Amino acid sequence: MNIHVQRTVLSSPLVKELEANGREFDIIDDLSEVPDEKSEIILRNKHDLYCHPCPATKIYRCCNYYTTDVMEGCPFDCTYCILQAYLGHRNIQVSADIGSIEDAIKAMIHADEKRRLGTGELSDSLALDHIFPFSKIITPLINDQDVLQFEFKTKSVNIRNLLNLNPKNVVVSWSLNPQAMVDKYEKGAAFVSERIAAAKTCAEAGYKVGFHFDPIIYYDGYQADYAALIDELVANVPEQAVAYISISTFRAPATLVDKMRGRNDHYGILQGDFIRAIDGKMRYFRVVREEMLKNIYYALRHHWSKAFIYLCMEHETMWKELFGFDPGERTEFEQLFPNMRRGL
Amino acid sequence: MPEQVDLALCWRNYSREKGSGEQRLPLVANIGDFCYQLMIGGKNVSAAIVIRAISVSDAMKASIEFAQPDSISFPEWVRIYAIAADNRIEFSWLPLSNIIKSDTKTYIRLLRSASAWPQKILTYLETHSMPWKVINLISLLHDTHQQYIADYIAKINPTVQQFKQFVETVTDFADKISAATYDEENFKLLTDRRLPAHKDVDELVDSLRLPLVNVRSADNFETTALNFSFTVNSSDEYYKVLQTLTERKSVAEKIYEILRQKRL
């Protein structure tokens, strides 16, 4: 990968980190000097809001997660990735203003209100942690605050920095799909067995770990593949280490479907039976979603009776069907998470 | 200057009948030492506007400006590109930035790709305005699938909407389509979404039929909301509809019974 540093951020601690590790970089004045490719990383000025509520779609239930945008873009090239439609660039843009990032995280602290936040929304939280060690910057900050829980969400096995840190208040999570899907649709990401092994290592190091079965993709034989994946997961990771598990089926706004069709690796994923859902996104027909979610949920529950499992961006009626209740809107929903009750 | 002769031939070859028989695009002809810009829409050479051009590229540029770039269709740009390529003329001077939404590099890639498409597709696109994203999808397909689309055009003569959906479906199922010849039955078989939802939807849609009243799911059965709509031209028709709705209350009950059974 090629690293470019905006001239205005040369004093950033992240530049010192690059220099200390002997990483080569060139200095640029303008972002337009850098090719718009995934191989290009730009350390840049950024003055946007760093922490903000997850831009959830209307009507479907949202868990009130806060995203911390320290990086925009991802070195992995997943076929179904929403960033293709959401970001206007393919290159990876890293915020150099550590002070502002720390301030933004501190601003999330409210004595009587716990919050969950993470860096995995606009990038992979750990894929570039060996170059830009945000885990080392953010974790100590979070560990000082009892009301914040921070998630590093990844498809990588880049956990080395984490193993030297105190795991308090930090959850490391992995997106999981059967290896057949990883091979087809998750270009550059770690093998799923490696991800599970990394989760095991983090659990052994004292971290709470999370898993995101999202997006679950429908194909002939998906049940058996997901069941095998879950078997492998539960055989390696102790339930006590699990902070939460999310499950959700593949969904995509029309702009993403267009992007996916423009790739040569979408075969299979767009062959489902889609409807335009209430939020305008293409989703599997409700009956199909229900079947898929139930399959995954019961397969997990069969092994793990206590782990907190939730649906990401699903309709309240789906919650009622699977769990027998409606989780409610953001803050109400959030309180279902372990250790997230207000005032605690 | 042989290039100029080639250019004139290309443009002449492009000439075609459209609708009332008019020719849309200007022609560039090489007569004597000059390139001539011929009037749009006129077959009669005597109606020509004459532009002196000192080079082939100048003649092309004059032609394009005369035709107005935003009125030139995609297939027409394909031909212009081919002429430029044949004459080793840099394409960058063409006034593309005003008419394209994608970047020039992408557009030129599209034109290069399209110059090898089956003629049937280009002919279809001349008379059917198509979104760029559909044209882009065609460019990304394998030759066999482009031929498959051409064959579909020949057999079906689709509307724009049909064509758009067809191209998207061929794109989605390209890994399952190996033939270059379109066969309706076979296509349906290949692209049948084999999820259990279809049967449910069909059953529900069947159950929603009411005389005079259009009933449909408000949100693809995501919730139990149904839209009942009707059109009337008189108070008599209005009362007829009301009567139907009242008499067929059992249909609504049946619909909701099915929704319950389907856990919708």
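The values are calculated or read from the model by the stated rules, or taken from the named source; none is laboratory data. What you are looking at is a predicted structure, and each value in this text was computed from that prediction instead of being measured. A quick note on method: Cβ atoms are made from the backbone with ideal geometry, for glycine too, and the neighbour counts reach across all protein chains shown. Remember, those area values only see protein heavy atoms, side chains included, never the ligands or the DNA or RNA. Shrake-Rupley method; radii C 1.70, N 1.55, O 1.52, S 1.80 Å.
Does at least one position in the stretch A:69-84 carry a residue that is modelled with pLDDT of 90 or more, closer than 30 Å to residue A:271 by Cβ, open to solvent by 50 Å² or more (accessible area, probe 1.4 Å) and within 15 Å of the chain's Cα centre (by Cα)?
Checked the stretch A:69-84: at least one residue is modelled with pLDDT of 90 or more, closer than 30 Å to residue A:271 by Cβ, open to solvent by 50 Å² or more (accessible area, probe 1.4 Å) and within 15 Å of the chain's Cα centre (by Cα).
Any idea which of A:284, A:267 is touching an Asp or Glu at 6+ places or on another chain (Cβ under 9 Å), open to solvent by 40 Å² or more (accessible area, probe 1.4 Å), within 13 Å of chain B (Cβ to nearest Cβ) and under 18 Å from residue A:217 (Cβ atoms)?
The match here is A:267.
Of the residues in the stretch A:302-325, how many are assigned to a loop (DSSP other than H, G, I, E, B), within 14 Å of chain B (Cβ to nearest Cβ) and under 24 Å from the mean Cα position of the chain (by Cα)?
Going through the stretch A:302-325, the residues assigned to a loop (DSSP other than H, G, I, E, B) turn out to be A:304-308, A:312-313, A:315, A:324-325.
Now restrict to residues that are within 14 Å of chain B (Cβ to nearest Cβ): A:313, A:315, A:324.
Applying the additional criterion that residues be under 24 Å from the mean Cα position of the chain (by Cα) yields A:313, A:315.
Residues in the stretch A:302-325 being assigned to a loop (DSSP other than H, G, I, E, B), within 14 Å of chain B (Cβ to nearest Cβ) and under 24 Å from the mean Cα position of the chain (by Cα): 2 in total.
Could you please find all residues in the stretch A:15-36 being in a helix (DSSP H, G or I), open to solvent by 70 Å² or more (accessible area, probe 1.4 Å) and not basic (Lys, Arg)?
A:19, A:20, A:32, A:33, listed by residue number.
Among the numbered conditions (1) touching an Asp or Glu at 6+ places or on another chain (Cβ under 8 Å); (2) within 14 Å of chain B (Cβ to nearest Cβ); (3) of a type outside the set (Ser, Thr, Tyr); (4) not in a strand (DSSP E or B), tell me where residue A:295 comes up short.
(1) is the only condition that residue A:295 fails.
Within the stretch A:270-281, which residues are more than 9 Å from chain B (Cβ to nearest Cβ) and either at positive phi or surrounded by fewer than 18 Cβ atoms within 10 Å (Cβ to Cβ) (or both)?
A:279, A:280
Scan the stretch B:220-263 for residues that are open to solvent by less than 60 Å² (accessible area, probe 1.4 Å), assigned to a helix (DSSP H, G or I) and within 14 Å of chain A (Cβ to nearest Cβ) and jot them down.
Of everything in the stretch B:220-263, those that are open to solvent by less than 60 Å² (accessible area, probe 1.4 Å), assigned to a helix (DSSP H, G or I) and within 14 Å of chain A (Cβ to nearest Cβ) turn out to be B:258, B:259.
Can you find even one residue in the stretch B:151-166 that is surrounded by 21 or more Cβ atoms within 10 Å (Cβ to Cβ) and either touching a residue at least 40 places away in the same chain (Cβ under 8 Å) or within 14 Å of chain A (Cβ to nearest Cβ) (or both)?
no
Name the residues in the stretch A:200-230 that are under 27 Å from residue A:240 (Cβ atoms), of a type in the set (A, V, I, L, M) and more than 14 Å from chain B (Cβ to nearest Cβ), would you?
A:203, A:205, A:209, A:227, A:228, A:229, A:230
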